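Below: the structure, in structure tokens.
The values are calculated or read from the model by the stated rules, or taken from the named source; none is laboratory data. Please read these numbers as outputs of a predicted model, since none were measured by experiment. Counting neighbours? That spans all protein chains shown, and the Cβs are built from the backbone with ideal geometry, glycine included.
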Amino acid sequence: MSLVINHNLMAMGAARSLNISYGRLATSVQRLSSGLRINSAQDDAAGLAVREMMRTDISVLNQGARNANDAISMIQTADGALSVIDEKLTRMKELAEQAATGTYTTAQRLIMDSEYQAMASEITRIASATDFNGVKLLDGSLSGTGLDGTAGNQMKIHFGTGNSSAEDYYYVKIGTATASALGVGNAAAVGAGYTISTQSAAQNSLDALNSAIATKDNMRANLGALANRLANTVSVLGIQAQNLQAAESQISDVDVATEMTEFTRNQVLVQAGVAMLAQANSLPQLALKLIG
């Protein structure tokens, strides 16, 4: 290489190498400060695309778990109300049993029937008043056969990342728990459980109450099965989100130990580049000695 003064090729080469090392050092600093291996598409375009899809799925899975937990809370609300209805039906059967024996007068049975009807009215009130976030649970609003989410149809519980009926959602159906639907009290059609004002009517009411209790127990059993299914769903969603988060971390997060090694290497190269650039800038001054 000739000794020239118009161009300092050694300084240009040193400056180019310094810029490369400094850029790598800046990348290492960014990765170590952010904790991410991929901070922009420039770092890893394919990895960035995969990471963003994974992050979306993780967020959706977590929301799905919250949806399932909300459904569990709704079911627990309905089951709690049914447990109170259970107490009312037990008291009604106790009154029917009392009125069915022959040691009471008609006037006394009318007093018993007054409480019997009050219990039936309270069952209807509970069924009509029980709601979750404004959705009526026990008045028949969720007892239909339709699946479009409108009034009288079943409630869709969505928890998956897609929209497949086999994988991402299912429906919750809750029967009607009013006194008329259970067939007891004077709100029901005239039948076995209509009244206990006479001995024969009280005896017939025992059968109606057995049927009402069985209906209520079936409702609670179905709700319990749904709650268990949803609890399992929450568990599976948590596992999926955790595993997906681990996979996303492998793609996106920086290996601090490895990156720190690169940082030290690049730092040394930058320091060396600065020193050599200073030396290269001073070399053209040798030409002045020849001129002088």
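Some observations on this one:
- Exclusive hit being over 48 Å from the mean Cα position of the chain (by Cα) and not charged (D, E, K, R), set Leu237, Leu288: Leu288
- Inter-residue pairs, beta-carbon under 6 Å, first without any contact (Cβ under 8 Å) to a residue 40 or more places away in the chain and in the range 73-93, second buried (at least 17 other Cβ atoms within 10 Å of the Cβ), 6+ apart: Lys88/Met119; Lys88/Glu122; Lys88/Ile123; Arg91/Met119
- Residues (surrounded by 14 or more Cβ atoms within 10 Å (Cβ to Cβ) and not in a helix (DSSP H, G or I)) located in the range 40-55: Asp43, Asp44
- Verdict on Glu259 being charged (D, E, K, R) and in the same structural domain as Gly183 (by TED's automatic domain parsing): no
- Asp253 being within 30 Å of Ala99 (Cβ to Cβ), charged (D, E, K, R) and surrounded by 12 or more Cβ atoms within 10 Å (Cβ to Cβ): no
- Residues considered: Ala275, Ala214, Ala241, Ala221. Of these, the only one that is farther than 30 Å from Thr124 by Cα, without any contact (Cβ under 8 Å) to a residue 24 or more places away in the chain and of a type in the set (Gly, Ala, Ser) is Ala275.
- Verdict on Asn222 being within 16 Å of the chain's Cα centre (by Cα) and either of a type outside the set (Val, Ile, Thr) or modelled with pLDDT of 90 or more (or both): no
- Residue match in the range 104-111 (condition: among the small types (Gly, Ala, Ser), under 30 Å from Ser180 (Cβ atoms) and surrounded by fewer than 14 Cβ atoms within 10 Å (Cβ to Cβ)): yes
- Of the residues in the range 260-279, at least one is polar (S, T, N, Q), modelled with pLDDT under 85 and surrounded by fewer than 17 Cβ atoms within 10 Å (Cβ to Cβ).
- Selection status of Ala14, of a type in the set (Gly, Ala, Ser), surrounded by 17 or more Cβ atoms within 10 Å (Cβ to Cβ) and closer than 30 Å to Pro284 by Cβ: yes
- Of the residues Thr124, Thr77, Thr130, the single one that is in contact with a strand residue (DSSP E or B) (Cβ under 9 Å, 6 or more places away or on another chain) and surrounded by 20 or more Cβ atoms within 10 Å (Cβ to Cβ) is Thr130.
- Residues considered: Ile85, Ile20, Ile58. Of these, the only one that is part of a helix (DSSP H, G or I), at pLDDT 85 or above and either more than 30 Å from Ile157 (Cβ to Cβ) or in the same structural domain as Val268 (by TED's automatic domain parsing) (or both) is Ile20.
- Residue check, Met53 at pLDDT 85 or above, in the same structural domain as Tyr169 (by TED's automatic domain parsing) and in contact with a strand residue (DSSP E or B) (Cβ under 8 Å, 6 or more places away or on another chain): no
- Failed criterion for Val268 (all others in (1) β-branched (Val, Ile, Thr); (2) farther than 29 Å from Met10 by Cβ; (3) free of Cβ contacts under 8 Å to residues at least 60 places away in the same chain hold): (2)
- Here the range 245-266 is the region considered, the condition is being in a helix (DSSP H, G or I) and in contact with a helix residue (DSSP H, G or I) (Cβ under 6 Å, 6 or more places away or on another chain), and the residue that is nearest to Asn19 (Cα to Cα) is Asn266.
- Selection within the range 113-144 - of a type in the set (Asp, Glu) and part of a loop (DSSP other than H, G, I, E, B): Asp139
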